[in-house]
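Just so you know, all these numbers are worked out from the coordinates, no wet-lab data involved. The shown structure was predicted, so the numbers you read here are calculated from the model rather than taken from an experiment. Positions of Cβ are backbone-derived with ideal geometry, glycine not excepted, and every protein chain shown enters the neighbour counts.
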Amino acid sequence: MKKLMLLFSFMAIMFSCEKGPEDMSANADDLPAKANTKDGENPNEPVSSKDPDATSKPTEYYFAGYQVSKTVGSEKLGMNVAKKAPDNLAYLNISGYSFVNMYGATYTHNEADGSIKNTEVITTEMAGPAEAMKAEDEFYKNLSKATKVIFEANQVKLLVGNPATEVLIFKKR
């Protein structure tokens, strides 16, 4: 029941967004007037969760592909990253559009070393072409096994396994 409620909440949020998956590009009016960072910090990294009330606005990325797998990425595959801190624990929320369905994933996040632990991955359950469903299955399995997140200037990398056996690369829109 909890997963069903999370799925409905996720779908309501996604459908209430002004921009659809075909128009996720930002324009100057959508950007904040001043970055929420200090000198020397990465402007793409979500707001620190050390403040219990801190919640960052999602940063939009697209799935550029894997470092090892031959499954290709696409600009149609979106990912939004936001960080919030309920009960003083760092949580990293990732959501977006995959090959066929929408998805959401929540991770506990250790800010000191970048390690993450998946708490849940939820998805819509629409059917699609066999090739897309196979790619999506691989994508979701890797999301659920991600162990570390690396925020860089124009991209985010999710490392799968410890030691890393795969890297999911998301580029900033």
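Worth a mention:
- Restraint check, Lys117/Lys172; Lys76/Lys148; Lys70/Lys141, Cα-Cα greater than 19 Å: Lys117/Lys172; Lys76/Lys148
- For the pair Arg173 and Asn110 in one chain, pulling the backbone fully straight at 0.36 nm per residue adds 20.1 nm over the alpha carbon distance.
- Cβ-based exposure ranking for Glu152, Glu166, in which fewest neighbours within 10 Å come first: Glu152, Glu166
- Within-13-Å neighbourhood charge of Ala164 [Cβ basis; K, R +1; D, E -1]: +2
- Radius of gyration (Cα atoms) of the stretch 46-172, expressed as a multiple of 2.2 N^0.38 Å: 1.01.
- log10 of Debye I(q)/I(0), alpha-carbon scatterers only, for the stretch 99-173 at 0.11, 0.13 Å⁻¹: -0.30, -0.42
- The stretch 97-122 residues near the modelled Ala132 label - backbone nitrogen below 11 Å, point 7 Å along Cα→Cβ: 98-102
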